[in-house]
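Written out below as structure tokens is the structure these notes cover.
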Amino acid sequence: MAIEGAELVKAAALLGAGLSMGLGAIGPGVGEGMAAAKACEAIGQNPKEAGLLTRTMLVGQAVAESTGIYSLVIALLLLFVV
Amino acid sequence: MTLLGLDNLTLTQTAAYVGGAAAMGLGAIGAATGEGFTASRASEAIARSEEHAGDIIKNMLVGQAISESASIFSLVIAILLLFMDISDPGIVKAASLLAAGLCMGFGAIGSGVGAGLPAGRSCLAIARQPAVSGRITTNMLIGTAVCQTPAIFAMVVALILLFKSAGGIAAFPTSAALIGAGLSTGLAAIGSGYGGGMAAGASCEGVARQPETTTAVTTTMLVGQAVAQTPSVFGLLVSFVLMFRSFPESTALSASVGLLSAGLCMGLGGIGPGIGNGMTAEGAVRWVARRVDYSGDLMRLMLVGQAVSQSTAIYAMVVSLVLIFVV
């Protein structure tokens, strides 16, 4: 079957959206998990600072999350804008 | 409509053989690696405490047997693929059989490696604290059993794909949706299986370090593992939608690629959060064993941390569902 140029572009955009979010989710998932594991360790060693440690963990995770959000933005751009 | 100039039966048979090979080839990776890890730790444990070699070897074999189950699922699916009767050959059936093989093959990797981790670390734990070897083995069994869940999800999806009737369904985009369904559960199982194993491994060490904290350690492990299984549940959900929704016939390339992409997105997107949640649970379990008086704080922090790590799997699910229902 012959595939038109516009159809190929649309298909590529859809595949790209899936790959962008799928692959982009791996890093933040692992990284944020690591941050939380170390935060558990830190609370175990110094339970009095639980509040500060939770805050620090969340700030660190928020930064790690940013790449996941970039992936989401690119995926949504590919789906709805391009 | 034919594909690659092959007649329907040849195409379907080819897909079944490739699927069978993928199921067993990929499915052997996890169990072999996990059991090798277990055996290496058992050797180390026996070197440290040779008078308890009997307990350690028994524990190693029980753990390896559970880790093996993931590859036995693969073997069953591979044999079914090689010898099943194909009643309704065609492009849809071919896609369905290939997807079944891929789903089981990928789905067995995480559970195999994951179950090997607690099995190995429990051998070391017995060498350290032989007096509670029974409790350590029990804890290891619970932990490894939970690790098998993603492989069981993969087997369920593979069996549905194997026996799904394909008669009278338009080839496209349904065949792409079925391959997406296989990839979604199969790939997402990798992270959850491995992550669950990390949590279970730490709990075996924890029981050996402080046997009186067993209840708190096992509870934290189970909660942590349950959260780590979520990405594979998302994978299963997307697979079910892709398998059971009827898609209007369309030969447009974008319709097929969109559904395949939905499966890939959820499958790949589930890997990272599964492993990350497992890491978090591992850290929490390890420290509950050392500071059991703060187990409530640790559990709370673990859940908050896991929830954040889970968010990317949720993004992947959202993009998958948009690809299925909106675009």
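Under 26 Å from B:Leu183 (Cα atoms), within 7 Å of chain B (Cβ to nearest Cβ) and either modelled with pLDDT of 95 or more or assigned to a helix (DSSP H, G or I) (or both): is that true of A:Glu41 in this structure? Spell out how you get there, then give the answer.
Numbers: under 26 Å from B:Leu183 (Cα atoms): no; within 7 Å of chain B (Cβ to nearest Cβ): yes; either modelled with pLDDT of 95 or more or assigned to a helix (DSSP H, G or I) (or both): yes.
No, not satisfied.
Within the stretch B:4-56, track down each residue that is outside any helix (DSSP H, G or I) and crowded, with 16+ Cβ neighbours inside 10 Å.
Going residue by residue through the stretch B:4-56, those that are outside any helix (DSSP H, G or I) are B:4-7, B:49.
Within the stretch B:4-56, just B:Ser49 meets the criteria.
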Task: Residues of the stretch B:242-284 satisfying the condition of being β-branched (Val, Ile, Thr) and under 19 Å from the mean Cα position of the chain (by Cα) - done: B:Ile271, B:Ile275, B:Thr280
Open item on the list: I need the full set of residues from the stretch A:1-26 which are in a helix (DSSP H, G or I), facing chain B (nearest Cβ under 7 Å) and under 12 Å from the mean Cα position of the chain (by Cα), in order please.
Closed with: A:Met21, A:Gly22, A:Leu23, A:Ile26
Open item on the list: Go through the stretch B:236-259 and report how many residues are buried (at least 24 other Cβ atoms within 10 Å of the Cβ), touching a Leu at 6+ places or on another chain (Cβ under 7 Å) and more than 7 Å from chain A (Cβ to nearest Cβ).
Closed with: 2
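Given the criterion modelled with pLDDT of 95 or more and either surrounded by fewer than 24 Cβ atoms within 10 Å (Cβ to Cβ) or away from every other protein chain (no Cβ under 11 Å) (or both), identify the matching residue among B:Val326, B:Val285, B:Val318, B:Val227. Walk me through how you get there before you give the answer.
Numbers: B:Val326 fails: modelled with pLDDT of 95 or more; B:Val285 fails: either surrounded by fewer than 24 Cβ atoms within 10 Å (Cβ to Cβ) or away from every other protein chain (no Cβ under 11 Å) (or both); B:Val227 fails: either surrounded by fewer than 24 Cβ atoms within 10 Å (Cβ to Cβ) or away from every other protein chain (no Cβ under 11 Å) (or both).
Only one candidate qualifies: B:Val318.
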TODO: Restrict the check to the stretch B:290-297 and report whether at least one residue is of a type outside the set (Asp, Glu) and under 25 Å from the mean Cα position of the chain (by Cα).
DONE: no
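Every residue, every condition in (1) among the β-branched types (Val, Ile, Thr); (2) at pLDDT 95 or above; (3) over 30 Å from B:Glu249 (Cβ atoms), yes or no:
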| site | (1), (2), (3) |
| --- | --- |
| B:Ile57 | yes, yes, yes |
| B:Phe83 | no, yes, yes |
| B:Leu98 | no, yes, no |
| B:Cys103 | no, yes, no |
| B:Ser111 | no, yes, yes |
| B:Gly116 | no, yes, yes |
| B:Gly120 | no, yes, yes |
| B:Cys123 | no, yes, yes |
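How many residues does the stretch B:288-303 hold that are facing chain A (nearest Cβ under 7 Å), farther than 12 Å from B:Thr213 by Cα, out of contact with any Cys (no Cβ under 7 Å at 6 or more places or on another chain) and not charged (D, E, K, R)? Give the steps one after another, and end with the answer.
So the first thing to find is which residues in the stretch B:288-303 are facing chain A (nearest Cβ under 7 Å), and the list is B:290-291, B:294, B:297-298, B:301-302.
Among the residues that remain, those that are also farther than 12 Å from B:Thr213 by Cα are: B:297-298, B:301-302.
The next check asks that each one be out of contact with any Cys (no Cβ under 7 Å at 6 or more places or on another chain); those that pass are B:297.
This time we only want the ones that are not charged (D, E, K, R), so: none.
The number of residues fulfilling the criteria is 0.
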Task: Hey, B:Val308 in a helix (DSSP H, G or I), farther than 25 Å from A:Glu4 by Cα, more than 10 Å from every other protein chain (Cβ to nearest Cβ) and aliphatic (A, V, I, L, M) or not - done: no
Open item on the list: Condition first: farther than 30 Å from B:Ala255 by Cα, out of contact with any Leu (no Cβ under 8 Å at 6 or more places or on another chain) and surrounded by 23 or more Cβ atoms within 10 Å (Cβ to Cβ). Can you find one or more residues in the stretch B:167-176 that meet it?
Closed with: no
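The values are calculated or read from the model by the stated rules, or taken from the named source; none is laboratory data. The shown structure was predicted, so the numbers you read here are calculated from the model rather than taken from an experiment. As a convention, Cβ positions derive from the backbone with ideal geometry for all residues, glycine included, and neighbour counts pool all protein chains shown.
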